Amino acid sequence: MRNKRSKWGLWLVLLLLVLAVAGGCVWYFTRSQADAPQYNTEAVDRGDLTQSVTATGTLNPVTNILVGCQVSGTISKIYVDYNSLVKAGQLIAEIDPQTYQAQMAQAEANLANAKANLELQEVETKRESELFTNNLVSGSDFDTAVATLHEAEATVQLDEAAVNMARVNLGYCKIYSPINGIVIVNNIEVGQTVAASFNTPELFQIANNLKEMQIDSSVAEADVGGVVDDQEVDFTVDAYPYRTFHGSVTQVRNSPTTVNNVVTYDCVISVTNSDNKLMPGMTANVSIVVAQRTNVMEIPNGALRFRPPDDAVIITNTPPAETAAAPSLAGKHSHRHSFIGAVPILTHTVYVLAGDAVHPKLEMVQVRTGITDGVDTEVLSGLKEGDKIITSQVYSADSSDLNRYRHMR
């Protein structure tokens, strides 16, 4: 009986030892895996990328004429209104002409008086000439007669100019359209008095053709280097938030605009408005297509911003022959290398996951990148499709790394 109990006791001790060893192993490997840093990764794949420059602008007619008046007076008649179609030379408004008709009549009367005086001086000068020839008058009297004749002639010329000026001012009482187009602004009403003494009043605004419009967009100086003529443009307006309109760059003006120390340049974008949905003055949210790539290798931008923790095991990869040596972790991680058109080719340091989950290793790789759409970036060299590239580190809720991360923020 005692032998049986001794055997059962021995087997129980051995079982407890086995369970303890197994539990210790499980605890050890679980703790090692928990202590090892964990990373979020994404596989390098292929896709299409479009790099664009964003800006805001205002829709305007290509030809936009402000129609004013050159004389002061009261508006007596208006023949057009908003959205009226007009032709070049069409009468669109009139100013009360009575004042200018009176000035015209006065100028004509002064001219008639000057001409009558000229006739009298011509007769007297002829008489003085005959008397002077017969030595009946002195030379002084003859010279006075000739001078008086010339004065009368000059007076006639002055009065003729006054008549012409009065006629022109009278003609300005009729306001004509200078171009074919549509009236988009009407600033006057019948009976309103306009004063042209110091500046020209703006009565109408006429757009030549709303089928062809343009966007005057403000592009920041940091982005204007990538904008050139004939680039495609996509834009939206608040009136049609679910519709995308299209245009093209026609001009990048060299004149800068500085507001609050922010320098922008006017980029003119031509737009076809065949269905008349777009209206002058609308705000356009512009996206200028700087570069496009199809079926290229791409990585998320988070991979370019990732920095490994201090205790990470890093394997240095040999950089490609055409790129510079990999920078140190304390140094800069990108530098300008060359250009494809207006798009710079940069060299970045990224990290590829190597090793197993228990003992992960980071392989430091230098890659050459091209265009970016703000989310993903084109990879020109340094990686192959399917590589697991690290985008960020996984922080547990009770991790000291998380606390350190929060403290750094």
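The values are calculated or read from the model by the stated rules, or taken from the named source; none is laboratory data. Computed from a prediction, not measured in an experiment: that's the story for all the values here. So basically every Cβ, Gly included, is an ideal-geometry build from the backbone, and we count neighbours across all protein chains shown.
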How many residues does the stretch 234-264 hold that are farther than 15 Å from SER287 by Cα and among the basic types (Lys, Arg)?
1
Within the stretch 274-286, can one find any residue that is crowded, with 17+ Cβ neighbours inside 10 Å and of a type in the set (Asp, Glu)?
no
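Looking at VAL271, VAL289, VAL350, which one is in contact with a Gly (Cβ under 6 Å, 6 or more places away or on another chain), surrounded by 13 or more Cβ atoms within 10 Å (Cβ to Cβ) and at pLDDT 85 or above?
On the way: VAL289 fails: in contact with a Gly (Cβ under 6 Å, 6 or more places away or on another chain); VAL350 fails: in contact with a Gly (Cβ under 6 Å, 6 or more places away or on another chain).
It is VAL271.
Do you know which residues across the stretch 200-245 are among the aromatic types (Phe, Trp, Tyr) and more than 30 Å from CYS69 (Cα to Cα)? Working first, answer last.
Step one: list which residues in the stretch 200-245 are among the aromatic types (Phe, Trp, Tyr), which gives 204, 235, 240, 242, 245.
Within the stretch 200-245, PHE235, TYR240, TYR242, PHE245 meet the criteria.
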Members of the stretch 196-212 that are out of contact with any Gly (no Cβ under 9 Å at 6 or more places or on another chain), touching a residue at least 24 places away in the same chain (Cβ under 8 Å) and over 15 Å from ALA93 (Cα atoms):
SER197, LYS211, GLU212
Going by what's in this entry, would ASN64 be described as under 37 Å from the mean Cα position of the chain (by Cα), polar (S, T, N, Q) and within 20 Å of THR200 (Cβ to Cβ)?
yes
Would the stretch 123-145 turn up any residue that is assigned to a loop (DSSP other than H, G, I, E, B) and surrounded by 16 or more Cβ atoms within 10 Å (Cβ to Cβ)?
yes
Taking SER274 as the residue in question, decide whether it is within 18 Å of GLU212 (Cβ to Cβ), of a type in the set (Gly, Ala, Ser) and outside any strand (DSSP E or B).
yes
Can you tell me which residues in the stretch 233-271 are farther than 17 Å from THR63 by Cβ, part of a strand (DSSP E or B) and polar (S, T, N, Q)?
THR236, THR244, SER248, ASN254, SER255, THR257, THR258, THR264
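Please go through the stretch 98-122 and pick out each residue that is closer than 22 Å to ALA195 by Cα and out of contact with any Lys or Arg (no Cβ under 8 Å at 6 or more places or on another chain). Full working, then the answer.
First, pick out the residues of the stretch 98-122 that are closer than 22 Å to ALA195 by Cα: 98-104.
Within the stretch 98-122, GLN98, THR99, TYR100, GLN101, ALA102, GLN103 qualify.
Residues in the stretch 321-344: is at least one part of a loop (DSSP other than H, G, I, E, B), at pLDDT below 80 and within 18 Å of LEU49 (Cα to Cα)?
If we filter the stretch 321-344 for residues that are part of a loop (DSSP other than H, G, I, E, B), which is where we start, we get 321-333, 341-342.
Those left that are additionally at pLDDT below 80: 321-333, 341-342.
Checking which are within 18 Å of LEU49 (Cα to Cα) leaves us with 341-342.
The answer is yes, given that some residue of the stretch 321-344 is part of a loop (DSSP other than H, G, I, E, B), at pLDDT below 80 and within 18 Å of LEU49 (Cα to Cα).
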Confirm whether ALA114 is surrounded by 14 or more Cβ atoms within 10 Å (Cβ to Cβ) and on the phi < 0 side of the Ramachandran plot.
yes
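Would you be able to say whether some residue in the stretch 75-93 is under 60 Å from the mean Cα position of the chain (by Cα), outside any strand (DSSP E or B) and modelled with pLDDT under 75? Explain how you work it out, then say what you get.
Filtering the stretch 75-93 down to residues under 60 Å from the mean Cα position of the chain (by Cα) leaves 75-93.
Adding the requirement that they be outside any strand (DSSP E or B) leaves 79-84, 87-90.
Next, only the ones that are modelled with pLDDT under 75 stay: none.
No: zero hits.
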Tally of residues being modelled with pLDDT under 85 and among the charged types (D, E, K, R) across the stretch 379-409
5
